[in-house]
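Worksheet for the structure shown next.
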Amino acid sequence: MANALYNASISTITFGDQYSISRCVFPSLSTLPLRAMQKGKHVELKRTVVVAKAKSESDFDDTNVDILLSQRVNAVKPSKTMAISDHATALVQAGVPVIRLAAGEPDFDTPAVIAEAGMNAIREGYTRYTPNAGTLELRQAICHKLKEENEITYTPDQILVSNGAKQSVVQAVLAVCSPGDEVVIPAPFYVSYPEMARLADATPVILPTHISNNFLLDPKLLEANLSERSRLLILCTPCNPTGSVYSKKLLEEIAFIVAKHPRLLVICDEIYEHIIYAPATHTSFASLPGMWDRTLTVNGFSKTFAMTGWRLGYIAGPKHFVAACGKIQSQLTSGASSISQKAGVAALGLGYAGGEVVSTMVKAFKERRDFLVESFREMDGVKICEPQGAFYLFIDFSCYYGREAEGFGIIENSESLCRYLLDKGQVAVVPGSAFGDESCIRISYAESLTTLKTAVKRIKKALIPLSSAGLV
């Protein structure tokens, strides 16, 4: 049951009173041939199965509906993190006691003062549209935060508030990239970065990093892969999925290379900036000499303030680029929720780096990190890079690849290992292939320590048969 739900996600869309379309999405990246659609038949494209069925006696053939999708959307892969999280949720709802360590979502409630600000906004009737760029109150608060905490200066017209940091990133990619441009992305990467590049008809250029170097980008590798087509470099620090943090020295080396390429802009995704563990410290790329003019800084409220469902993020940068992002947003979603923006003002009012409320959460994350690192480090063949930030452990389990599990089959790669752990251990984690590194899996420790202890026991128990199994 777990194996089946891991592999497929089914949804049904109803059109009026006559037709419904059921869509089944499989995480596999293989592409299957397109079959001609007939009544009661299906179309398979990139492992997406669409079944059209008439709800009445009318014949679907009579409508002559063309259900083919655009080349742009067919080029984009679905998010594996979202797919696995949805599968795990479906299992839990079906009564299967799955432990969900796939999603990047803090288990803490939104701090009370923030929640109260949102509720007050509703009570006071603050429920109408806001300016597309966000309320002046929130943008001023963001400017103050960036100056005090990040040492970068902006005015409110250089800030665009969006429905989450992900929207801020994709709008920036769409705003500055043209067909044929290249978007340089260090791997392991946040799962959506390459797909954002493809949405903009740009080409993602993936630069591998290594666990032996804490998954940090080698400046020499960056320099060797830049050309006149290079338009964007996307950095994420602290990094999802590795938890790696770029030091100021390393960022300065990268900035020196970036400065040699007039067309090259930088998106610095800093959504995890305050979930960081001493002695690591956060440096904003835009604060480095000469980088303000070419950097788009992305941040938000989801991770630091446990506000994932409030959907609130922002981008800061030169007005020319931010205005372009705003133009796109005005035609897509318009401004973010008025209620969430009031809550965002309250969040930034908690004090430097979120004050005691955030430091308490970070302390809990560090305790969980330390437990997981210690638990997995004792396992033979397993490689670990201790996270310096965020709340993920990106762990190399490739020593189990090539082994055969009874009743399951061969563990071929990170995806089959995750499927095995879900099927046999009832723990949902994300394959490293989703992030551009086949050797690892990502474990989120945004769950209670008690839950993590149970998950580790399940994972270790599930791996015991693999430890004694021979390589196939």
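The values are calculated or read from the model by the stated rules, or taken from the named source; none is laboratory data. In this text the structure is predicted, and so the values were computed from the model without any measurement. No Cβ is skipped: glycine too gets one built from the backbone with ideal geometry, and neighbour counts run over all protein chains shown. Accessible surface is based on the protein model in full, side chains and every heavy atom, while ligands, DNA and RNA are left aside. Shrake-Rupley method; radii C 1.70, N 1.55, O 1.52, S 1.80 Å.
Of note:
- Members of segment 81-115 found to be surrounded by 15 or more Cβ atoms within 10 Å (Cβ to Cβ), of a type outside the set (A, V, I, L, M) and closer than 26 Å to E356 by Cα, listed by number: G104, E105, P106, D107, F108, T110, P111
- Any hit, segment 343-363, residues being in a helix (DSSP H, G or I), under 21 Å from the mean Cα position of the chain (by Cα) and under 25 Å from T209 (Cβ atoms): yes
Here's the yes/no breakdown for (1) under 30 Å from K303 (Cβ atoms); (2) outside any strand (DSSP E or B); (3) in contact with a strand residue (DSSP E or B) (Cβ under 8 Å, 6 or more places away or on another chain):
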{"position": "E412", "(1), (2), (3)": "no, yes, no"}
{"position": "L417", "(1), (2), (3)": "yes, yes, yes"}
{"position": "I443", "(1), (2), (3)": "yes, no, yes"}
{"position": "T454", "(1), (2), (3)": "yes, yes, yes"}
{"position": "K457", "(1), (2), (3)": "yes, yes, no"}
{"position": "K461", "(1), (2), (3)": "no, yes, no"}
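- Filter result (within 19 Å of V382 (Cβ to Cβ) and either basic (K, R) or open to solvent by 50 Å² or more (accessible area, probe 1.4 Å) (or both)) within segment 420-453: K424, E438, R442, K453
- Filtering segment 151-167 for residues that are open to solvent by less than 30 Å² (accessible area, probe 1.4 Å), β-branched (V, I, T) and farther than 19 Å from R311 by Cβ leaves a non-empty set.
- Criterion: among the hydroxyl-bearing types (S, T, Y) and outside any strand (DSSP E or B) - qualifying residue of Y314, Y272: Y272
- Among the residues examined, F305 does not qualify as assigned to a helix (DSSP H, G or I), of a type outside the set (D, E, K, R) and either closer than 20 Å to A133 by Cβ or open to solvent by 10 Å² or more (accessible area, probe 1.4 Å) (or both).
- Among (1) in contact with a Pro (Cβ under 8 Å, 6 or more places away or on another chain); (2) on the phi < 0 side of the Ramachandran plot; (3) not in a helix (DSSP H, G or I), the one test that R198 misses: (3)
- Any chance R377 is more than 23 Å from the chain's Cα centre (by Cα), over 30 Å from A117 (Cβ atoms) and surrounded by fewer than 18 Cβ atoms within 10 Å (Cβ to Cβ): yes
- Filtered residue count, segment 168-191, keeping only those that are buried (at least 19 other Cβ atoms within 10 Å of the Cβ) and of a type in the set (S, T, N, Q): 2
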